[in-house]
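K.L.:
The structure follows.
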Amino acid sequence: MSGISALPQFGLLHYIDFILSVAVVSGAVGGVGGSGQALVRDFETGHLSKLASTPVSRYALVVVPMLSGMIQLLAQTLTILFVAMGMGLDIPPGATGFLPLMAFAAG
């Protein structure tokens, strides 16, 4: 890590500050893709039709799996942040930078 962070393009940034955004975006994209694939699989196998015959609203059948995925992504992002902070991550704006990051991870 020290070799790439010595490049002049990094300036005063540490490599962990750079790679953190890649980890968060990668996790968010992967999580959204997984949620979408699960919904399509439920539709293709007829599981969604079976659930639609229950007294649960159709809105909940679609929204609840998305909320579940969002909670998983938030937990994953928090884990990444805590590990990165242990490795020396510094979020310069503090809570002002932390909250938008969590909002972005939530989708």
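Each value in this text was obtained by applying a stated rule to the coordinates, not by laboratory testing. Remember, it's a predicted structure, so these values are computed and weren't measured experimentally. As a convention, Cβ positions derive from the backbone with ideal geometry for all residues, glycine included, and neighbour counts pool all protein chains shown.
K.L.:
Please compute the length gained on full extension between THR45 and THR79, using 0.36 nm multiplied by the number of residues separating them and subtracting their Cα-Cα distance.
P.N.:
8.9 nm
K.L.:
Given a Förster distance of 35 Å, report the FRET efficiency between MET87 and ALA38 from their Cβ-Cβ distance, rounded to the nearest 0.05.
P.N.:
Step by step, r from the Cβ atoms, then E = 0.60.
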